[in-house]
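Notes to accompany the following structure.
The values are calculated or read from the model by the stated rules, or taken from the named source; none is laboratory data. As the structure is a prediction and not an experimental result, all values here were calculated from the model. Cβ placement follows ideal geometry from the backbone for every residue including glycine, while neighbour counts extend to all protein chains displayed. Accessible surface is based on the protein model in full, side chains and every heavy atom, while ligands, DNA and RNA are left aside. Shrake-Rupley method; radii C 1.70, N 1.55, O 1.52, S 1.80 Å.
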Amino acid sequence: MQRRHLLSAAAASAAVLAAPSSWAQSAGYPNRPIKLIVPFPAGVSPDVVARLVGDKLSQALGQPVVVENRPGAGGMIGAEAGTNSAADGYSLFYSVKAVHAIAPNVYQNPKFNPVRDFRAVSQLLLVPHVLTASPGTPYNNMKELVEFAKRNPGKINYASLGVGSQPHVAMEAWAQRLGIKLNHVPYKTNPSPDVMSGVVSLSIEASTTAIPLIKGGKVKGLAISGAERIANLPDVPTMTEFGSTLDVNGQIGSSWHGIFAPKATPDDVVAKLNTEIVKIVKLPEIQSRMRDLGLTPTGTSADAMTAVATADNVFWAKLIKDFDIKVE
C-alpha cells in the first residue's frame, strides 16, 4: 500500500514537471518587453491608436510595449509577421477590418488565414468612414449625387487606396445598391490631395482624416457609415438615413481596430491582456481622445472580437467574390 502511495506521489510530481511550458512561461507574464506589430506606416490612424494604447499598456503591465511598423501589401506583410511570431504573449498584432477580413480574400495565395492563425484579445474601437466629394462637384448630399450619377452614367470618378482596399469594395457595393455607375481610380498613396483639387470627385475617408478636411472646407461630407452621426460632423447624415439597407450597422463602410495574438497563445495570457486593455479603453482620457477623432471606443471581450472578425471574413469573402476583385 505504501509503495502504491509513493508511486502515485511520484507520478503526480512528474505530471507537474511535464506540464506545458506555456503555463510556466505565463505564470510570471510579462517579464520582458512586448512587441506590437502594426501593419501600417507610422503616423496613420492605426499607428496613432496603437501607440496611445500601447503606452498605457506598458504602464499597466510594468514592461515596455514596443510598436513595430510592418506596412505593405494591404497589411499582409505585418499579418504574416504576426503569424510567424512566438505564441507566448510577447508578440501581438494590431489589426483592422481591412487586414483581417478583406486582404486575405482579394490577394491570391495569402500566406496567412486570420481565423486559423490568430486569436482575438480585444476590439478597441469602431471607425466610421465618410463619403467625401471635391468642393466643386455639383452635388452636396446623397440624393443629389445619385440623381447626377443617373443622368451622367460613368462620368464620376472615385479614388481608393488600391484595388481590393475597403474604400474600393465599399464604393462598388454602394454603387450597385444605388443603381449607379462610377469609375474606380486606384491610388498607391493618399488620394486626398486629388479629391481636394478636383482631379477625382469622390473618396471614402476614415473619420480621423475626414473631420479636419470637411471642417476646413477642403472636401464635402456626403454621408457617414455606421449606425449614427459623428458628433464632430453633426450635419453629415449617415448612409442609412438615405437608404436603410445601404450600410446596416456599418458592415460595409465602417471598420474596427483590434488586438490579436498568435493562435496558440495561452488562455491566461490572453485573459490578462484583455483585462488590462478593456480598462485602458474605458479610461476617460482615452475615450475623449478617441471620440475627438470621430472613433467609437469599445473594449470588448476576446470572444466578442472573435465573433465579429469571423463574421466579417465570411461577409467580405462573398462580397469580393461577387465583384470578382483580385490582386495578383
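A few remarks follow.
- Nonlocal amide H pairs with E68, under 5 Å, H built at 1.01 Å: L36, I37, V38
- Accessible area per residue was computed with a 1.4 Å probe on protein heavy atoms; R32 scores about 110 Å².
- Of K143/K321; K188/K321; K35/K321; K155/K326; K218/K282, those spanning more than 26 Å from alpha-carbon to alpha-carbon: K143/K321; K35/K321; K218/K282
- Cα gyration tensor shape of region 47-183, rounded if a/c is under 1.5, else prolate or oblate by comparing a/b with b/c: prolate
- Label point distance in nm, N31-N190, each placed 7 Å from Cα along Cα→Cβ: 4.4 nm
- Tensor-based shape of region 199-328 (alpha-carbon gyration tensor, a/c under 1.5 rounded, otherwise prolate or oblate): oblate
- Applying a threshold of 18 Å to the alpha-carbon distances of K56/K279; K97/K318; K56/K272; K150/K220 flags K150/K220 as lying beyond it.
- For the pair F148 and A271, label points projected 7 Å from Cα toward Cβ lie 5.6 nm apart.
- Relative to the dominant Cα principal axis of the chain, helix 267-281 is inclined by about 40°.
- The GNM of the chain, with springs linking C-alpha atoms under 10 angstrom apart, assigns the highest mean-square fluctuation among L283, L61, L161 to L283.
- Highest-fluctuation residue, K35, K56, K215 considered, GNM on the chain with Cα pairs under 10 Å: K215
- FRET efficiency estimate (nearest 0.05) - Cβ-Cβ, A60 to V314, R0 25 angstrom: 0.15
- Per-residue ellipticity at 222 nm, computed for the chain from helices alone with -39500 (n - 2.57) per DSSP H run of at least four residues, works out to -13000 deg cm²/dmol.
- In this simple spin-label approximation, V48 and R177 carry label points 7 Å from Cα along the Cα→Cβ vector, and these lie 2.7 nm apart.
- Here region 88-108 and region 207-223 have alpha carbon centers that stand 28 Å from each other.
- Portion, in percent, of the accessible area of the chain that falls on carbon or sulfur, probe 1.4 Å: 55 percent
- Residue-count net charge about L125 - beta-carbon cut-off 11 Å; Lys, Arg +1, Asp, Glu -1: +2
- Counting only DSSP beta bridges whose two residues both lie in region 95-223, roughly 55 percent are antiparallel.
- Contour excess over end-to-end distance, with Cα ends at S301 and V199 and 0.36 nm allotted per residue: 32.3 nm
- Counting charges near A149 (Lys, Arg +1; Asp, Glu -1) among other residues having Cβ under 12 Å from its Cβ returns a value of +3.
- Contour minus Cα-Cα distance for A231 and F323 (0.36 nm per residue): 29.8 nm
- Of T245, T132, T298, the residue with the greatest mean-square motion in the GNM of the chain, using alpha carbon springs below 10 Å, is T245.
- For the chain, share of DSSP beta bridges that run antiparallel, in % to the nearest 5: 60 percent
- When you restrict to C-alpha pairs under 8 Å that are six or more residues apart and normalise by the size of the chain, the relative contact order lands at 25 percent.
- Computed with a 1.4 Å probe over protein heavy atoms only, the accessible surface of region 211-278 comes to 41 Å² per residue.
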